[in-house]
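The values are calculated or read from the model by the stated rules, or taken from the named source; none is laboratory data. Since the structure is predicted, the reported quantities are computational estimates derived from the model, not experimental observations. Positions of Cβ are generated from backbone atoms using ideal geometry, with glycine treated the same way; all protein chains shown enter the neighbour counts. In case anyone asks, the SASA skips ligands and DNA or RNA and just uses the protein heavy atoms, side chains included. Shrake-Rupley method; radii C 1.70, N 1.55, O 1.52, S 1.80 Å.
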Amino acid sequence: MSGPPPLGRLTAAQARALLPAPADDIRLTPWRGVVVAGFTDAAAARARLDALGRAGFVTGTDSPRYGVGACTGRPGCAKSLADVRADAEATPVEGRGLPVYWSGCERRCGHPQGAYVDVVATLDGTYRVSVHGDPTPAPAPALESESGSGAAARTDSLTCPPR
């Protein structure tokens, strides 16, 4: 079973939540995920997955954090225009079946392959939101535009709440 930490960041509390399993059964992946292997009992695996979900891991497609990724952003990247990880946590963008990727600049480091909802920081402190690639048959992302129209759009902007 696998359950990545949100945005690939493993907190100390989440690391402690992994400890009840023997260390040789825990694997950290290059894709910022965690795999807990070695279960022979489905009920024990389900109980472990539920415990990891309570610890903040993304354990199912119904999680609002499922499919959300981000570059390093501020303060880890000098080119970034924003703390994209904090903004991604605070401002949900519904991808309607597509991954949602937050980038601190136009370079879009680490973006996914194929179609995705592209959320890019801009110089004016907002984010430009658009669909990158061909999302067929997935519809455009649902988000509230600055004009308040609420209509799904191909390109829009987003202002994150102040921290």
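For the reader, a short list of remarks on this structure follows.
- Probe 1.4 Å, accessible area per residue of segment 72-138, Å²: 50
- If R0 is 41 Å, the Cβ-Cβ spacing of residue 37 and residue 89 corresponds to a FRET efficiency of close to 0.90.
- For segment 89-96, 3J(HN,Hα) computed residue by residue from phi via the Karplus equation (6.51, -1.76, 1.60; θ = phi - 60°) reads 5, 8, 10, x, 10, 7, x, 6 Hz, glycine and proline entered as x.
- Amide H contacts of residue 70 (H built 1.01 Å from N, under 5 Å, at least 5 apart or other chain): 102
- Note on residue 124 and residue 96: their simple-model spin labels are 2.4 nm apart, each label 7 Å out from Cα toward Cβ.
- Spin-label pair residue 47/residue 19, simplified geometry with 7 Å Cα→Cβ offset, distance in nm: 2.0
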